[in-house]
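For reference, the structure discussed in these notes is given below.
The values are calculated or read from the model by the stated rules, or taken from the named source; none is laboratory data. Values in this document were obtained by computation on a predicted structure and should not be read as measured data. Backbone-built Cβ (ideal geometry, glycine too); neighbour counts: all protein chains shown. Heavy atoms of the whole protein, side chains included, go into the accessibility calculation; ligands, DNA and RNA do not. Shrake-Rupley method; radii C 1.70, N 1.55, O 1.52, S 1.80 Å.
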Amino acid sequence: GGFKLWECAVDLARFLLARHGGSTLSGQRVLELGCGHGLPGVLSLQLGAQVDFQDYNREVLLACTGPNVALNAGEGGAGPKVRFFAGDWSRCSAL
């Protein structure tokens, strides 16, 4: 299911906009687990956060998440504010 945009991702993005849309997340770190398209993470990035995108499926990160982040990162691009991790959640302790 990593190539599908889940409704919960849209709901979380709406929540982030409602809560932080007029402010910044600068200085904050966001970890999006099972990111797929990465919609909440992209929005967090646009609001100034550093974002770690994780998905079990490496192909999802390469074919979907990465290009989506690159297209929507905003001015200056994502640069060092973004990291990508593939694999099981148990490996996220290294973050």
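When ranked by the protection proxy of mean other Cβ atoms within 10 Å per residue, highest first, what sequence do the peptides 79-87, 16-24 form?
79-87, 16-24
Could you check how much of the accessible area of the chain is carbon and sulfur, as a whole percent, using a 1.4 Å probe? Please report the intermediate quantities before stating the final value.
Numbers: 3250 of 5840 Å².
Taking all protein chains in place, the chain shows 56 percent carbon and sulfur surface.
For residue 85, enumerate residues with amide H under 5 Å from its amide H, sequence gap 5+ or separate chain, H modeled in the peptide plane.
53, 54, 55
How far is it, in nm, from the label point at residue 10 to the one at residue 58 when both lie 7 Å from their Cα along the line to the Cβ?
Taking the two extended label points, one gets 3.2 nm.
With axes computed from alpha carbons, what is the tilt in degrees of helix 7-20 against the longest principal axis of the chain, rounded to the nearest 10 within 0 to 90?
30 degrees
With every protein chain kept in place and ligands, DNA and RNA left out, what is the accessible area per residue of segment 6-95? Probe 1.4 Å, answer in Å². Show your work: numbers first, answer last.
Working: 5440 Å² over 90 residues.
Normalised by residue count, the accessible surface of segment 6-95 is 60 Å².
Sorted by mean Cβ packing within 10 Å, highest first, what order do the peptides 60-66, 2-8, 39-45 take? Display every interim value, and only then the final one.
On the way: 60-66: 18.9, 2-8: 12.3, 39-45: 24.1.
Final packing ranking: 39-45, 60-66, 2-8.
For every helix of n ≥ 4 consecutive DSSP H residues, a contribution of -39,500 (n - 2.57) applies; sum these over the chain, divide by its total residues, and give [θ] at 222 nm rounded to the nearest 500 deg cm²/dmol.
Mean residue ellipticity, 222 nm, calculated: -9000 deg cm²/dmol.
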